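Peer 1: Okay, here's the structure, questions in a sec.
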Amino acid sequence: MANYIIIKDKLSNFNKEIKVSADKSISIRSVLLASQAVGTSKISNLLESEDVINTLKTIKKLGINYSKIRDVYYIEGFGINGFSIKKNTLLNAGNSGTLARLILGLLVKSKSKVKLIGDKSLSKRDFSRVIKPLRLFGVNIESKKNLLPIKIEGTNFLRPIEYEENIGSAQVKTCIIFAALNTPGITKIHSKISRNHTELFLKFLKYPIKIVKKLEYEKISVQGLKQFNSFEYEVPGDISSASFFIVLTLLSKDSKIIIKKVNVNKSRTGIISILNMMGANIKLKNITIYNGEKIADIHVKSKKKLYAVNCPSKLNSSAIDEFLIIFLVASRAKGVSKFKELGEMNKKESKRLDLAIKFLKLIGVKVNRFKDNINIHGNPDLELSKKYEMKNFLKDHRIFFLCCITALTLGGKWKINDKDSINTSFPDFLKTLKVIGAKIN
């Protein structure tokens, strides 16, 4: 089967109600926490993407059984440090930086050496940010140049640490929290504010974790060696997946969309704040709180006039996965949009900041770059008519999504390669586009 799609027509006006894929960050965390709970946890609406399937395969290799009955996953946990690890265990995180960094935090008491590998893309990503704190706990980790493969061997003599996490990485923060679960005493983290799904989940599980927020930082204290019981959890929709349909609607003519039951946790909704600053009118309705997470229906209408934004860097962490599609909006906005301190984009599945600039220039958008800062010169009349073939710098699911939204809103004739990349986070992406009316071959 061909691993590309063809888009030749812009999307006609639409008025639809849709659901997007389940939240990937929460799906991975729910599986890993279920593996540490006492008893059988039940997880519904789990995202069945490659990253989450690799998470399920990982806990299976570590001695945790699971089954699926209808739409519910049943995961049998044996408590904290309940893994049964065989000698020479090999774990493959595939493309998932979240899985790779989080699972290391749960292996800090492994009696046997475990080898962690990943795909070509993940093997280029920096793991020093988790290797450093784990070594402070007393864990033995082997790695060349702080890259995969990594060999980790736990210890029974873990010591609690105090650690300053100043990147704003939820993966680093969660890795330390997971290590703290296995460690006697109280581990303290002074962390730049980032996604807080792990903290909310542990509070839902009534685990002894304390969070004190101060401006752009938070102080987290985790009491180790406290068991928690199995749970039932329904994973909400993913704001990152929803973001592409938000922008699709915003840039289309005379269109409306309602995206049902999306996780709108404040640490993830930077895109909504930024787009509303640009003149969008995105509304959240039917808001509920589910086990600490804020869930809502997202209502979006197309917008004829959009304006440039001087994006506050304090929103970067809450929009880091969505800047690719935000840049597309900036390319159609009136004026020069300014974005600052975006180096973390190049630490993702691909060097997204570099590729975003390359992509924008390809479609005729003027971009100025100053290290990790960029200015995008918007053109409200931007329309495309040329032929475009996207290859070589894809293999990143979010760049594939970006190309599709660009083709459907700005025009042109597109051949977009690496269709299979959607399986990383949103396997039903193309099906959902077709429900709205997109013509995709």
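The values are calculated or read from the model by the stated rules, or taken from the named source; none is laboratory data. Note that the structure is predicted; figures quoted are calculated from it, not measured. Reconstructed Cβ throughout: ideal geometry from the backbone, glycine too, with neighbour counts over all protein chains shown.
Peer 1: Only one of (1) touching a His at 6+ places or on another chain (Cβ under 8 Å); (2) at pLDDT below 95; (3) not assigned by TED's automatic domain parsing to the domain that holds ILE43 fails for SER313. Which number is that?
Peer 2: All conditions are met except number (1).
Peer 1: Evaluate the stretch 232-252: report whether one residue or more is under 27 Å from ASN13 (Cβ atoms), charged (D, E, K, R) and surrounded by 24 or more Cβ atoms within 10 Å (Cβ to Cβ). Write out each step before concluding.
Peer 2: Going residue by residue through the stretch 232-252, those that are under 27 Å from ASN13 (Cβ atoms) are 237-252.
So of that shortlist, the ones also charged (D, E, K, R) come out as 238.
If we keep only those that are surrounded by 24 or more Cβ atoms within 10 Å (Cβ to Cβ) as well, we get 238.
Yes: the stretch 232-252 contains one or more residues that are under 27 Å from ASN13 (Cβ atoms), charged (D, E, K, R) and surrounded by 24 or more Cβ atoms within 10 Å (Cβ to Cβ).
Peer 1: For the condition of a type in the set (S, T, N, Q) and touching a Gly at 6+ places or on another chain (Cβ under 9 Å), what is the one hit in ASN166, ASN182?
Peer 2: Sole residue among the options that is of a type in the set (S, T, N, Q) and touching a Gly at 6+ places or on another chain (Cβ under 9 Å): ASN182.
Peer 1: Looking at ILE167, ILE150, ILE176, which is the one that is in contact (Cβ under 8 Å) with a residue 24 or more places away in the chain, out of contact with any Lys or Arg (no Cβ under 9 Å at 6 or more places or on another chain) and among the hydrophobic types (A, V, I, L, M, F, W, C)?
Peer 2: Values: ILE167 fails: out of contact with any Lys or Arg (no Cβ under 9 Å at 6 or more places or on another chain); ILE150 fails: out of contact with any Lys or Arg (no Cβ under 9 Å at 6 or more places or on another chain).
From the options ILE167, ILE150, ILE176, the qualifying one is ILE176.
Peer 1: One residue is enough: does the stretch 374-394 have a residue meeting the conditions in contact with a helix residue (DSSP H, G or I) (Cβ under 6 Å, 6 or more places away or on another chain), part of a helix (DSSP H, G or I), without any contact (Cβ under 8 Å) to a residue 60 or more places away in the chain and closer than 17 Å to ASN3 by Cβ?
Peer 2: Within the stretch 374-394, not a single residue is in contact with a helix residue (DSSP H, G or I) (Cβ under 6 Å, 6 or more places away or on another chain), part of a helix (DSSP H, G or I), without any contact (Cβ under 8 Å) to a residue 60 or more places away in the chain and closer than 17 Å to ASN3 by Cβ.
Peer 1: Is there a residue in the stretch 25-44 that is assigned by TED's automatic domain parsing to the domain that holds THR183, on the phi > 0 side of the Ramachandran plot and more than 17 Å from the chain's Cα centre (by Cα)?
Peer 2: Yes.
Peer 1: All but one of (1) in a loop (DSSP other than H, G, I, E, B); (2) not assigned by TED's automatic domain parsing to the domain that holds SER252 hold for ASP9; state the number of the condition that does not hold.
Peer 2: Tallying (1) in a loop (DSSP other than H, G, I, E, B); (2) not assigned by TED's automatic domain parsing to the domain that holds SER252, ASP9 fails exactly one: (2).
Peer 1: I've got another one for you. Output the residues belonging to the stretch 107-118 that are in a loop (DSSP other than H, G, I, E, B) and free of Cβ contacts under 8 Å to residues at least 60 places away in the same chain. Steps first, please.
Peer 2: Let us first name the residues in the stretch 107-118 that are in a loop (DSSP other than H, G, I, E, B), namely 107-113, 118.
Across the stretch 107-118, the qualifying residues are LEU107, SER110, LYS111, SER112, LYS113, GLY118.
Peer 1: Could you grab the pairs with beta carbons closer than 7 Å, sequence gap of 6+ or different chains, first residue in the stretch 194-208 and within 17 Å of ASP238 (Cβ to Cβ) and not assigned by TED's automatic domain parsing to the domain that holds GLY292, second one at pLDDT 95 or above and of a type in the set (Ser, Thr, Tyr)?
Peer 2: Every condition considered, the pairs that remain are ARG195/SER25; HIS197/SER25; THR198/THR174.
Peer 1: If you take the residues in the stretch 57-106 that are in a loop (DSSP other than H, G, I, E, B) and in contact (Cβ under 8 Å) with a residue 60 or more places away in the chain, which one is surrounded by the most Cβ atoms within 10 Å (Cβ to Cβ)? Steps first, answer last, please.
Peer 2: We begin by selecting, within the stretch 57-106, every residue in a loop (DSSP other than H, G, I, E, B); these are 62-65, 70-71, 79-88, 93-96, 106.
Subsequent filtering for residues that are in contact (Cβ under 8 Å) with a residue 60 or more places away in the chain retains 79-81, 95-96, 106.
Working: GLY79: 14, ILE80: 21, ASN81: 18, ASN95: 25, SER96: 27, LEU106: 25.
Among those that are in a loop (DSSP other than H, G, I, E, B) and in contact (Cβ under 8 Å) with a residue 60 or more places away in the chain, it is SER96.
Peer 1: Take the residues of the stretch 288-328 that are under 22 Å from SER30 (Cα atoms) and free of Cβ contacts under 8 Å to residues at least 24 places away in the same chain: which is surrounded by the most Cβ atoms within 10 Å (Cβ to Cβ)?
Peer 2: THR288
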